[in-house]
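Notes to accompany the following structure.
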Amino acid sequence: MASSTSAAEPLPVPRRARSFVSAREVADLAGVSRSAVTAGASVSEETRNKVLQAAQSLGYHVNHLARSLIQESSGIVCIVGAAIDTPHQSRILDAITRRLQAIDRVAMVINTSGDEASVEAALRQTLNYRADATVVLSGTPPASLVDTCLRSGQHVIVINRDDQLVGPQEISVDNDGAAREAFHILFRAGCRNMAIVTSSAGTPSLVERERTFQAAAREAGLDVSVTRAGPTSYEAGYASAKALLPGAGRPDAAFCVTDLLACGFMDGARAEFGISVPDELCVVGFDDIEQAGWSSYELTTFSQPSESIAERIAGLLETSGHGNSGKPRMVFPAKLVWRKSVRPR
């Protein structure tokens, strides 16, 4: 009579030609039904141990995409954004993906920097994979694609947007309060000929910062010039300096709606015109990217709470289940980071 295999003995592994192991192979090796491997069937502890041992021996991994066809949740969260190579977007993407992994979610990133047709095709792929949720980063994609996710039954969370769509949960940074504070910082520094350096992107958060700064200036009886030299980039900031600073009537202060623009603007001011920051020109940015703290910039700016936003997203996904719950918009403050690009108050 053949002796039975003990729990401590490794199961014999058949020779294989393919790279992926099927659930049927695990079941055959363990001597159990296929449902004990794939469908979460209620099995005895002895059977469970056999399955685990066989799976480990064969190097089997559960196909969660296939399992999502018979279960309510796939565990996939789609993150949709543009300019993900820029410092701020990279930081928030890093924070979100780390937090999603901590709650056993799988992040699927879609870069919307391409043409609209390819973006829509990529977004529809997430629907084919039955993604549970979509997180839309600031400014992208178009509202019509957000609506597609909502109509498919996805849980949608939008960051720094104001599309007036019914359904998404909203997380925002207090752009209004920060822009108003930026104006008063420069005003207290004695600046009276101010400029706004922004971009052609026209995203809701950038537009809100621009409009609020202008409104604060009007309340103080000042006019503010606005320059848009291209996309939200270092190069656009540099080009803005070349456009704004020649001549006798040049600004004595600039509010740059992102730090990346501010870094380019400061370099352009110094390299092209020999202007001293902050003695001749005060500059305030927004985002508090790593470069803002470099000794060549020492940029006074406002910090976006990336870790807190990521934590909030994870909390919404864990507590709201599958679908939107209509919770109110959450607004995080943007914390002032005082450095040396503005003269002392």
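List of remarks:
- Check on Gly264, modelled with pLDDT of 95 or more, over 24 Å from Glu170 (Cβ atoms) and surrounded by 20 or more Cβ atoms within 10 Å (Cβ to Cβ): yes
- The stretch 274-305 - residue that is within 26 Å of Ile171 (Cα to Cα) and among the polar types (S, T, N, Q) and, of those, nearest to the chain's Cα centre (by Cα): Gln304
- Qualifying residue in the stretch 168-186 (condition: under 23 Å from Ile79 (Cβ atoms), hydrophobic (A, V, I, L, M, F, W, C) and touching a residue at least 24 places away in the same chain (Cβ under 8 Å)): yes
- Checked against (1) in contact with a helix residue (DSSP H, G or I) (Cβ under 6 Å, 6 or more places away or on another chain); (2) in the same structural domain as Asn128 (by TED's automatic domain parsing), Ser240 meets all criteria but (2).
- Candidate set: the stretch 192-250, residues that are basic (Lys, Arg) and within 20 Å of Ile159 (Cβ to Cβ); chosen: the one surrounded by the most Cβ atoms within 10 Å (Cβ to Cβ): Arg209
- Residue check, Arg180 modelled with pLDDT of 95 or more, of a type outside the set (A, V, I, L, M) and touching a helix residue (DSSP H, G or I) at 6+ places or on another chain (Cβ under 9 Å): yes
- One residue from Ser73, Ser138 being in contact with a helix residue (DSSP H, G or I) (Cβ under 7 Å, 6 or more places away or on another chain), at pLDDT below 70, of a type in the set (Gly, Ala, Ser) and part of a loop (DSSP other than H, G, I, E, B): Ser138
The values are calculated or read from the model by the stated rules, or taken from the named source; none is laboratory data. What you see is a predicted model, and the numbers here were worked out from it, not measured in a lab. FYI the Cβ positions are ideal-geometry reconstructions off the backbone, even for glycines, and counts take in every protein chain you see.
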